[in-house]
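K.L.:
Handing you a structure now.
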Amino acid sequence: MTADAAPAPERLTHLERLEAEAIHIMREVVAEAENPVMMYSVGKDSAVMLHLAKKAFYPSPPPFPLLHVDTTWKFQAMYALREKAAKDAGMELIVHRNPEAEEKGINPFDHGSLHTDLWKTEGLKQALTAHGFDAAFGGARRDEEKARAKERVFSFRSANHGWDPKNQRPELWSLYNARKNKGESVRVFPLSNWTELDIWQYIHLNGIEIVPLYFSARRPTVERDGMILMVDDDRFRFEDGEEAVERSIRFRTLGCYPLTGAVESEATTLPEIIQEMLLTTTSEREGRAIDHDQAASMEKKKREGYF
Amino acid sequence: MADGEVIYETEALIAEDIDAYLEQHQHKSLLRFITCGSVDDGKSTLIGRLLYDSKMIFEDQLASLEADSKQVGTQGQGIDFALLVDGLAAEREQGITIDVAYRFFATEKRKFIVADTPGHEQYTRNMVTGASTADLAVILVDARKGVLTQTRRHSYLSHLLGIRNIVLAVNKMDLVDYDQAAFDDIVSDYRDFAAGIGIEDFLAVPVSGLKGDNIIAKSSATPWYDGPALLDHLETVGLDFDRRRKQPFRMAVQWVNRPNLDFRGFSGMIASGRIAPGDPVRVLPSGKTSTVERIVTMPALGGGDGDGDLGHAIAGQSVTITLADEIDCSRGDVIAAADAPPEVADQFEATIVWMADEPMLPGRPYAIKIGTNNLRATITDEKYQVNVNTMEKMASKSLELNGIAVCNISTDRPVPFTPYDDNPDLGGFILIDRITNATVGAGMIHFALRRSQNIHWQAVDITREAHAEQKGQKAKLLWFTGLSGSGKSTIANLVEKKLHAMGKHSFLLDGDNVRHGLNRDLGFTDVDRVENIRRVGEVAKLMTDAGLIVLTAFISPFRAERQMVRAMLPESEFVEVFVDTPLEVAEQRDVKGLYRKARAGELKNFTGIDSPYEEPENAEIRVNTVEMTAEEAAEYIVEQLFNGS
């Protein structure tokens, strides 16, 4: 027995139960899949997922690599944390950039939704196929929007990465059926039952490092179509009459910088961020340009293989 | 308004003292519950109301909800809360939820995960899925319609999946003018039914999802109701983990953690009990013992609390433990308290819910996952199917989508388990198609079949034939079956007297007598009735091994059970004697006064009244007690017995 044994609870809190569930899910995948990988987007959900992976397999490092499907258009601060986080965890980092998108110079300014399709959707499929990954952890949560409320923890994809909402396996108790045929793969969502508040509170309680962009600071910005965009590098294309204006902003979600809207905020600490989140009246995905279609847009994207 | 205050306090705390709010939120427990009912009962409206009133809807969602409500809603210009929770596009068009959707909300006391499942019979598997992780079920009934077939089905399924907290939400009270008598009638109806299927307790709440009565706060429209509002109850009801924590320690090993030669840890989620360093443990199935050395967790990076080695851990936690001794232990094994290990077996009786379009077939091998074990399994015997609407038992040889049956199942090697009622983590299993890899069924273990325990057959020199020969007879089992009051016992008794007079060695196993001794631990539940027949069959078989002519008198209403006993014996030794008495005649005789009680509703599951009797199709001997006296029937049976052989 250790002298400084930490006191353990007699009743688990909701966060302790969510943590235990996520760890259980990750261990099941490692025990049953042949070649798992963790999707790592560098966002706050990925940060929590990575922390849970470290905890699940401690003292071993997580027995799978991290995969970042890069678009070349992420925030600079994300690239910086990506390298550091992988190194700290003792994990291999695989970065995949769709060579076709790279060659054609696909970018969010000229190519609209093609940007997401080629870099992210196609890029992800390419990476999974090229490395032969048969299980990929993702940080998606059921509370994000309606189509995800019904997503399974283990979500099966055909050999061409398609998702059929009518043909998903029932999930009972904590028993996950990870069996699959050759070529098929499974996306696994250990954070399915977490809410945005849970994510933030867990980051707060565990001192998990996140991209500084989540905290408010004065940053160069442009306001366009009701969205505040950050001028993150010199590839930013100003439209007529636009110029960078310093604003005190932060981000609720992170993606490609020209597609990600910021919020004006003075929140510089986690409790302040949580406070703002709880008192705000718009949902998290508002900040992402890709969702501004109809209600069924996410379902359509998932059928096509978007994470 | 009372509803508003609850929200306001939380909001004020968030605004004024976020640290205090976080401290409060951090310590909340988690309740998972399921809502059962159809769109017509206002289920989605009720959930939408909980989300709306607990401020889980954001302004942009609300804006789209308002737009959707006008476009496809069913509430005119008002907000249609149901649209909030109906997810996939196809479902929204059809106006029904066809899968399991999970919703999240929190109050000052708890965080909640709601499994929203469809109510129709063709979605039984979805409801079973949602119920498998729930601590509580909210069963909705429409105050205008009362307890319906689907109410019974939802209650039966919730109970089957082991949900111990049932809430009967009598919805749409606004449409019956909040009438207490209407509410009381429904509750009284439900109480009668619930007791019959083993639901010991439930809470009935009069609510209106549309108007919000008794959901977040007590409503002034129902002054006669003295129970809690729905949310009050959800916030305070006991959790299943509280129960599991008090059981002996058990943990299925998921993964062996071996970073180097100096460290070997066993990772898993604690299914029950509590563990601390120094505790003696036993590894199943090997039975090897050791003691817990450490409960290892990752040290905190930034000085967060709770990390480093744990002083103890409890049910529900995912841990890695190390043992003091180098003993074999790998994925699939169960580490348990040394003095209270779980059973290990390879044959079980279980209830199976079928979830695939392709029917379940006894004899076909399936993959099975139980705990952390992946094995192969076969359904060796389908004892009976349960009609989910009436709870009647029906004989059946296969199981269709959404069907539920009690089966014997056999695995290709022994596994540690606990009965499902004790612990779902070690007593629930899924069946997987070995070709498509789809999850095709889910099961709940009742008990191990005793013959499966590692007992080898002992060969004996005096054979069963030798025993019979010495007695100058052939062993037989005369299995009398028929309605209560048909005259089985009377006739069997007369037959035995005749056999005795003929110098035959016989023994009469009477139903009532057996229940005084061998089967004194069995009641009259479905499971117990099947076990009753199984034991009688086994005893009768031993007696025929000894060369006796055995007579049994049991109603034994199901073909499946009679078939089970027949299969235990060599061909030609089992003689089914159908004592054929029409129900009217048996009821008129009513020797024990049981029919009167059953008709008065004092006896449940009484064969012929509210439980079926399946007549034998090919009985070896049939006697009609309307045309024959008991004496004539006995005479006829003895004649048939010795003329036939």
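The values are calculated or read from the model by the stated rules, or taken from the named source; none is laboratory data. Worth saying up front: this structure is predicted, and the values here are computed from it rather than measured. Ideal geometry is used to build each Cβ from the backbone, glycine not excepted, and the neighbour counts take in all protein chains shown. Quick note on the areas: whole protein, heavy atoms, side chains included, nothing else; ligands and nucleic acids left out. Shrake-Rupley method; radii C 1.70, N 1.55, O 1.52, S 1.80 Å.
K.L.:
Among the numbered conditions (1) open to solvent by less than 10 Å² (accessible area, probe 1.4 Å); (2) at pLDDT 80 or above; (3) within 14 Å of another protein chain (Cβ to nearest Cβ), tell me where residue B:44 comes up short.
P.N.:
(2)
K.L.:
Also, I was wondering about something else. Based on what the data block shows, is residue B:167 more than 23 Å from residue B:390 (Cβ to Cβ), in contact (Cβ under 8 Å) with a residue 40 or more places away in the chain and more than 11 Å from chain A (Cβ to nearest Cβ)?
P.N.:
yes
K.L.:
So residue B:611 fits all but one of (1) closer than 20 Å to residue B:552 by Cα; (2) open to solvent by less than 90 Å² (accessible area, probe 1.4 Å); what number is the exception?
P.N.:
If we test residue B:611 against (1) closer than 20 Å to residue B:552 by Cα; (2) open to solvent by less than 90 Å² (accessible area, probe 1.4 Å), just (1) comes out false.
K.L.:
How many residues are of a type in the set (Ser, Thr, Tyr) and within 8 Å of another protein chain (Cβ to nearest Cβ) if we restrict to the range A:177-210?
P.N.:
Of the residues in the range A:177-210, 2 are of a type in the set (Ser, Thr, Tyr) and within 8 Å of another protein chain (Cβ to nearest Cβ).
K.L.:
From B:190, B:225, which residue is touching a Pro at 6+ places or on another chain (Cβ under 7 Å) and either under 30 Å from residue B:176 (Cα atoms) or hydroxyl-bearing (Ser, Thr, Tyr) (or both)?
P.N.:
Just a single option satisfies the conditions, and that option is B:225.
K.L.:
Something else now. Being in a strand (DSSP E or B) and open to solvent by 30 Å² or more (accessible area, probe 1.4 Å) is the requirement here; does residue A:223 meet it?
P.N.:
In short, yes.
K.L.:
Exactly one condition in (1) among the small types (Gly, Ala, Ser); (2) away from chain A (no Cβ under 14 Å); (3) over 17 Å from residue B:417 (Cβ atoms); (4) buried (at least 20 other Cβ atoms within 10 Å of the Cβ) is false for residue B:336; which is it?
P.N.:
The failed condition is (3).
K.L.:
If you don't mind, there's one more thing I want to ask. Taking only pairs six or more apart or across chains, which ones have beta-carbon atoms under 8 Å, a first residue in the range B:124-141 that is without any contact (Cβ under 8 Å) to a residue 40 or more places away in the chain, and a second residue that is part of a helix (DSSP H, G or I) and among the acidic types (Asp, Glu)?
P.N.:
The qualifying pairs do not exist here.
K.L.:
Residue check, residue A:148 against (1) touching a residue at least 40 places away in the same chain (Cβ under 8 Å); (2) open to solvent by less than 40 Å² (accessible area, probe 1.4 Å); (3) more than 12 Å from chain B (Cβ to nearest Cβ), all met but one. Which one?
P.N.:
(3)
K.L.:
Something else about it: Restricting to the range A:262-290, name every residue that is of a type in the set (Gly, Ala, Ser), open to solvent by less than 30 Å² (accessible area, probe 1.4 Å) and either at pLDDT below 90 or outside the structural domain of residue A:220 (by the TED database) (or both).
P.N.:
Scanning the range A:262-290 gives A:283, A:287.
K.L.:
Same structure again: Based on this model, can you work out whether residue A:110 counts as outside the structural domain of residue A:253 (by the TED database), at pLDDT below 90, of a type in the set (D, E, K, R) and within 28 Å of residue A:229 (Cα to Cα)?
P.N.:
The answer is yes for residue A:110.
K.L.:
Right, another one. What pairs come out if I take residues in the range A:110-135 that are without any contact (Cβ under 8 Å) to a residue 40 or more places away in the chain and surrounded by fewer than 16 Cβ atoms within 10 Å (Cβ to Cβ) and pair them with residues that are among the hydrophobic types (A, V, I, L, M, F, W, C) and not in a helix (DSSP H, G or I) whose C-beta lies under 8 Å away, six or more apart or interchain?
P.N.:
From the range A:110-135, the pairs are A:114/A:106.
K.L.:
Sort out which residues of the range B:317-355 are part of a loop (DSSP other than H, G, I, E, B), in contact with a Lys or Arg (Cβ under 7 Å, 6 or more places away or on another chain) and within 30 Å of residue B:158 (Cβ to Cβ), and write them in order of number.
P.N.:
Result: B:342, B:355.
K.L.:
Sticking with this structure for a sec: Only residues that are surrounded by fewer than 21 Cβ atoms within 10 Å (Cβ to Cβ), of a type outside the set (Asp, Glu) and in a loop (DSSP other than H, G, I, E, B): list them for the range B:358-390, please.
P.N.:
B:359, B:361, B:362, B:363, B:364, B:387, B:389, B:390
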